[in-house]
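The values are calculated or read from the model by the stated rules, or taken from the named source; none is laboratory data. Because the structure is a prediction, the values reported are computed rather than measured. Because the Cβ atoms are built from the backbone with ideal geometry, glycine has one as well, and the counts that use them run over all protein chains shown. SASA here: full protein model, heavy atoms, side chains in, ligands and nucleic acids out. Shrake-Rupley method; radii C 1.70, N 1.55, O 1.52, S 1.80 Å.
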Amino acid sequence: MKTKRRAPRARLAAVGIATSCALFVAGCSGANESGGDAAAGAGVTGTISGAGASSQQAAMQAWNAGFAEANPGATVNYQPVGSGGGRTQFVQGAVQFAGSDAYLEDEQLNQARQRCGGSVVEVPAYVSPIAIVYKLDGVSDLTLSPDTVAGIFKGEITTWNDPKIAADNPGATLPATAITAVHRSDESGTTENFTDFLNKAAPQVWTDEADGEWKVPGGEAAQGTSGVVGAVGAGNGTIGYADASQAGELGKAKLKLGDQAVEPTADAAARILEESTRVEGQGDTSFAYELNRTATGGAYPVVLVSYLIACPQYPDAAQADTVKAFLNYVVSEQGQQTAAQNAGSAPLSATLRDQITPVIDQIKAAG
């Protein structure tokens with residue numbers, strides 16, 4: 001979305017990152033504290049660039065601030081161009097790492113393996129619910145079943161007092177306001193996760209396969225997470241989907257799952273990862289997950305797992321050491337708590353962290 005700018009010197013970059021954390025991330029508590037796992041990488045002096053998921057932006061600002069404090073001679077640049085753009089830049093060798101709300105597949109996985117010398121590191125960094133955000137005057141509490149959500153975004157449910165919405169909200173007063181459904185205009189892992197949920201949880205209504213590009217006609221399109229949030233907030237009767245941490249003051253619908261109405265909280269989102277399995281065929285250095293979208297036991301299934309994608313080896317030691325140190329900080333207990341405090345994400349479990357860290361530690365310079 002933005003023109004890439006030349007990185008400033010490392011020490012100035014550290015100040016700038018910390019400032020952006022203070023400006024754009026509420027609180028930023030703990031973001032600048034070093035120690036623990038973060039201190040293990042202290043002293044790296046490389047410069048690395050990444051691009052990708054805008055959903056990670058708030059967390060990335062906090063991670064960069066904490067990492068810069070422990071490693072004042074290092075620079076980490078990140079451009080939130082969307083998951084698709086980040087993956088493309090990574091496989092083309094334009095950046096050292098990518099942030100993606102979907103794991104690599106098919107041609108891009110093969111391209112990444114070629115770029116990286118045979119295998120690719122994929123680690124979950126940011127786990128967060130995708131909120132179904134809405135703005136509807138007079139309605140502050142809303143519950144929607146998966147079939148109803150699918151019908152709205154298919155364009156089959158067009159007014160807020162539709163009988164199907166009313167059935168999900170007994171006793172509620174719903175206006176006859178027209179529904180405007182907002183979707184992403186750019187290729188997005190958030191879209192891929194959202195449509196994967198619709199396909200698996202409401203297969204009779206949403207017959208399209210999961211896709212990072214929005215294929216269904218109609219509705220309003222907006223660029224990036226901030227674009228969707230802005231478009232929904234600018235209207236009345238609007239509904240969209242966005243990372244819950246960036247929903248701001250918008251309403252967030254509960255999901256009717258079995259006999260429960262489940263809110264899009266970090267704790268509910270984290271329970272999905274515990275019930276999911278690793279994708280086969282990605283390689284030993286990949287921690288890509290096939291998410292369980294049909295859980296009804298209190299977990300929130302409209303969730304994204306945003307990955308950091310890197311190579312096991314880099315052309316020089318400075319790049320390799322900085323990538324390794326940064327990824328280790330992100331998945332560390334401190335890094336995950338920083339993201340939870342400043343971006344509302346769900347921290348990785350200690351068990352998963354213990355599995356991921358040895359893979360990150362294998363990152364090295366080629367030769």
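Restricting the search to region 234-247, which residues are open to solvent by less than 60 Å² (accessible area, probe 1.4 Å) and either free of Cβ contacts under 8 Å to residues at least 60 places away in the same chain or among the acidic types (Asp, Glu) (or both)? Walk me through how you get there before you give the answer.
We begin by selecting, within region 234-247, every residue open to solvent by less than 60 Å² (accessible area, probe 1.4 Å); these are 235, 237-247.
ASP243 - this is the single residue of region 234-247 that is open to solvent by less than 60 Å² (accessible area, probe 1.4 Å) and either free of Cβ contacts under 8 Å to residues at least 60 places away in the same chain or among the acidic types (Asp, Glu) (or both).
All of (1) modelled with pLDDT under 95; (2) open to solvent by less than 10 Å² (accessible area, probe 1.4 Å); (3) under 25 Å from PRO358 (Cα atoms) hold for GLY52 with one exception: (1). Scoring THR191 on the criteria (1) under 18 Å from GLY84 (Cβ atoms); (2) open to solvent by 30 Å² or more (accessible area, probe 1.4 Å); (3) β-branched (Val, Ile, Thr) leaves a single failure, condition (2). A single member of ASP259, ASP284, ASP267 is over 30 Å from ALA178 (Cβ atoms), within 19 Å of the chain's Cα centre (by Cα) and not small (Gly, Ala, Ser), and it is ASP267. Scanning region 248-260 for residues that are open to solvent by 10 Å² or more (accessible area, probe 1.4 Å) and at pLDDT 95 or above yields GLU249, LEU250, GLY251, LYS252, LYS254, LYS256. Looking across region 213-230, the residues that are over 15 Å from GLY84 (Cβ atoms) and not hydroxyl-bearing (Ser, Thr, Tyr) come down to VAL216, PRO217, GLY218, GLY219, GLU220, ALA222, VAL228, VAL229, GLY230.
Return the residue satisfying two criteria in turn: it lies in region 311-331 and is small (Gly, Ala, Ser) and crowded, with 22+ Cβ neighbours inside 10 Å, and of such residues it is nearest to PRO358 (Cα to Cα). Break it down stepwise before answering.
To start, the set of residues in region 311-331 that are small (Gly, Ala, Ser) comprises 317-318, 320, 325.
Checking which are crowded, with 22+ Cβ neighbours inside 10 Å leaves us with 320, 325.
Working: ALA320: 15, ALA325: 12 Å.
In this case the residue turns out to be ALA325.
Got at least one residue in region 291-310 being more than 30 Å from TYR241 (Cα to Cα) and open to solvent by less than 10 Å² (accessible area, probe 1.4 Å)? The answer is no, given that none of the residues of region 291-310 is more than 30 Å from TYR241 (Cα to Cα) and open to solvent by less than 10 Å² (accessible area, probe 1.4 Å).
Quick one: would you say VAL216 is modelled with pLDDT of 95 or more, open to solvent by less than 30 Å² (accessible area, probe 1.4 Å), in a loop (DSSP other than H, G, I, E, B) and on the phi < 0 side of the Ramachandran plot?
Values: modelled with pLDDT of 95 or more: yes; open to solvent by less than 30 Å² (accessible area, probe 1.4 Å): yes; in a loop (DSSP other than H, G, I, E, B): yes; on the phi < 0 side of the Ramachandran plot: yes.
So VAL216 passes the test.
Does SER188 count as of a type in the set (Gly, Ala, Ser) and touching a Gly at 6+ places or on another chain (Cβ under 6 Å)? Steps first, answer last, please.
Values: of a type in the set (Gly, Ala, Ser): yes; touching a Gly at 6+ places or on another chain (Cβ under 6 Å): yes.
Spelling it out, SER188 is indeed of a type in the set (Gly, Ala, Ser) and touching a Gly at 6+ places or on another chain (Cβ under 6 Å).
Residues in region 153-168 that are closer than 21 Å to ALA201 by Cα and not in a loop (DSSP other than H, G, I, E, B): PHE153, LYS154, PRO163, LYS164, ILE165, ALA166, ALA167, ASP168.
Taking the listed residues LEU348, LEU327, LEU308, LEU304, the one that is within 21 Å of ARG115 (Cα to Cα) and within 14 Å of the chain's Cα centre (by Cα) is LEU308, with no other qualifying.
Here SER145, SER185 are screened, and the one residue that is over 22 Å from the mean Cα position of the chain (by Cα), open to solvent by 10 Å² or more (accessible area, probe 1.4 Å) and of a type in the set (S, T, N, Q) is SER145.
Quick check: anything in region 113-121 buried (at least 21 other Cβ atoms within 10 Å of the Cβ), within 16 Å of the chain's Cα centre (by Cα) and at pLDDT 95 or above? The answer is no, given that none of the residues of region 113-121 is buried (at least 21 other Cβ atoms within 10 Å of the Cβ), within 16 Å of the chain's Cα centre (by Cα) and at pLDDT 95 or above. Remark: ALA221 matches the filter, which requires a residue to be open to solvent by 50 Å² or more (accessible area, probe 1.4 Å) and touching a His at 6+ places or on another chain (Cβ under 7 Å).
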